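*Asks:* Handing you a structure now.
None of the figures in this text is laboratory data; all of them are computed from the coordinates on show. Since we're looking at a predicted model, the values are computed, not measured. Note: ideal-geometry Cβ built from the backbone for every residue, glycine included; neighbour counts use all protein chains shown.
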Amino acid sequence: MTTPARAVILAAGSARRMRPLTDEVPKCLLSVAGRTILSRAVSNLAGCGITRITIVDGFAGDRVRSALGSEFPPDWFTFVRNRDFETTNNAYSLWLARSPEDESLLILDADVVFDAGVADRLIGDEHPNRLALRSRGEVGDEDVKVRLGRDGRIEDIGKHVSLDRAAGESVGLAAFSSGFGRRMFEVLERRLLSEGRRNEWYESAFLELIEAGEAVYPVDVEDLRAIEVDTPEDLLRARDLFEVPSR
């Protein structure tokens, strides 16, 4: 087990599908079972020993910074502003979180509500590069799906993966070695700046590295609670799911 040196939480989007709930409030500051989505995520990471956290904010970013600063030690956070959040996607936000140092990373979408055990299991896995996968439950066409090879490694990832070949859904948490992280930022920079793909998902960079021979393994969290909140209906499901604390 290797605890990542730093976490990157991507919280820049304006969440148009959540309006009017997100007219003024970032999606990650919506409440689920008595606390915000972002507060739960940070607490879960801290419980795993990760308190070096880069937050990439954008829409109503000052609210994100104020909320975190009022609840957690300020020195836990480095804030980066994606000023182009309206015209870019999470690949661009992730690239903004790059560092001159090679370091292992945990990458997290800020709209994922998850049990602490999800982060524990991901971090505790023996593989250098791993991604949290939910193999049980309903998976839809718009979900980021994962296809596995015969050796158990991730072979394909993205919304384009067909439902009949998917092993499950990516739940929005991944942990990578320092070497993978360095190569990932190199790929992101080329794709975003040289090739102009500023509005793509970061899974495209993951897939390019996988196809180039990088080994990324799934970590199945099927028995734990994790849900990505993209719509008001998702928020209701999350509130129902987390109404009773985990045991």
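*Asks:* Residues in the range 227-242: is at least one farther than 30 Å from R19 by Cα and part of a loop (DSSP other than H, G, I, E, B)?
*Replies:* Among the residues of the range 227-242, not one is farther than 30 Å from R19 by Cα and part of a loop (DSSP other than H, G, I, E, B), which makes the answer no.
*Asks:* Please indicate, with yes or no, whether at least one residue in the range 192-207 is part of a helix (DSSP H, G or I), hydroxyl-bearing (S, T, Y) and surrounded by 16 or more Cβ atoms within 10 Å (Cβ to Cβ).
*Replies:* yes
*Asks:* Now for a different question. How about the range 210-237: which of its residues are crowded, with 19+ Cβ neighbours inside 10 Å and either of a type in the set (A, V, I, L, M) or within 14 Å of D156 (Cβ to Cβ) (or both)?
*Replies:* Passing the criteria: I210, E214, V216, P218, V219, V221, A226, I227, V229, L235.
*Asks:* Restricting to the range 86-111, give me the number of residues that are over 18 Å from R6 (Cβ atoms) and surrounded by fewer than 22 Cβ atoms within 10 Å (Cβ to Cβ).
*Replies:* Qualifying residue count, the range 86-111: 4.
*Asks:* Is at least one residue of the range 43-61 within 19 Å of A238 (Cβ to Cβ), of a type in the set (S, T, N, Q) and surrounded by fewer than 17 Cβ atoms within 10 Å (Cβ to Cβ)?
*Replies:* Yes, the range 43-61 has at least one match.
*Asks:* While we're looking at this one, here's another question. Kindly list the number of the only condition in (1) over 24 Å from V32 (Cα atoms); (2) part of a helix (DSSP H, G or I) that fails for V118.
*Replies:* (1)
*Asks:* For the range 73-83, state whether one or more residues are under 22 Å from L29 (Cα atoms), surrounded by fewer than 23 Cβ atoms within 10 Å (Cβ to Cβ) and among the hydroxyl-bearing types (S, T, Y).
*Replies:* Within the range 73-83 (the criterion being under 22 Å from L29 (Cα atoms), surrounded by fewer than 23 Cβ atoms within 10 Å (Cβ to Cβ) and among the hydroxyl-bearing types (S, T, Y)), the answer is yes, since at least one residue qualifies.
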